[in-house]
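Below is one structure, written out as structure tokens; comments come after it.
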Amino acid sequence: MIRWHHTGDVGRWLNNGTLKIIDRRKHIFKLSQGEYIVPEKIENIYITSKYVNQSCIVAIIVPDVDVLKQWANENNIPGTLSVLCNSLTVKELIFKDMQSWGKKGGLKSFEQVKDIYLHPDPFSVQNGLLTPTFKSKRPQLKNYFKPQLDDMYKHLA
């Protein structure tokens, strides 16, 4: 007798008869065009950009403070991290770098972000945006950044 347990995992049967676990079901999203994506895979590609410290696939980016400050100094752009995060020049720099890393990482067009919001404060367990194992709490991130997300979607529509 074969028994199945609902674990919340998504898997695929391999030719040798074993089951390969792909991801947790709740971590996979279906886009409006019907494509499924695994956000963690995409986020891991985007954080290879030297400018990106943290990423949530909805395009909330926490810049790497040291790299951004160094770039700003080299380009004679003054300001605090908050000021730099509001700069269109900085946003364009990071967005283009992320697009480049996305292409190098083999992301398809529908997997690439179309807009980003730069946030100066890191996600943390203390602010409720990370789990104790430092994974993104997606529902909390979505709620916390709702105004910024709504604004991005409005401009993309």
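Couple of notes before you dig in:
- Extension gain from residue 133 to residue 114, taking 0.36 nm per residue of separation minus the Cα-Cα distance: 4.0 nm
- For the chain, diffusion coefficient by Stokes-Einstein and Kirkwood Rh (Cα), 4 °C, 1.567 mPa s, µm²/s: 74
- Top positive-direction residue, dipole computed over the chain with Cβ charges, set 107, 62, 156: 107
- 98, 152 arranged by Cβ crowding within 10 Å, fewest neighbours leading: 152, 98
- DSSP bridge orientation in the chain - percent antiparallel, rounded to nearest 5: 85
- The distance linking region 116-153 with region 35-71 is 12 Å (Cα centroid to Cα centroid, whole angstrom).
- Label-point gap, in nm, between residue 28 and residue 76 - each point 7 angstrom along Cα→Cβ: 5.3
- Using R0 = 22 Å, the C-beta based FRET efficiency linking residue 155 and residue 125 works out to 0.10.
- Computed from Cα positions, the angle between helix 146-156 and the longest principal axis of the chain comes to roughly 90 degrees.
- Computed Kirkwood radius, in angstrom, where 1/r is averaged over Cα pairs of region 74-152: 14.6
- Residues 155, 119, ranked from the fewest to the most other C-beta atoms within 10 Å, line up as 155, 119.
Each reported figure results from applying straightforward, stated rules to the coordinates on display, with no laboratory input. Keep in mind it's a predicted model, so treat the numbers as computed, not measured. All Cβ positions, even for glycine, are placed from backbone atoms using ideal geometry, and neighbour counts span all protein chains on display.
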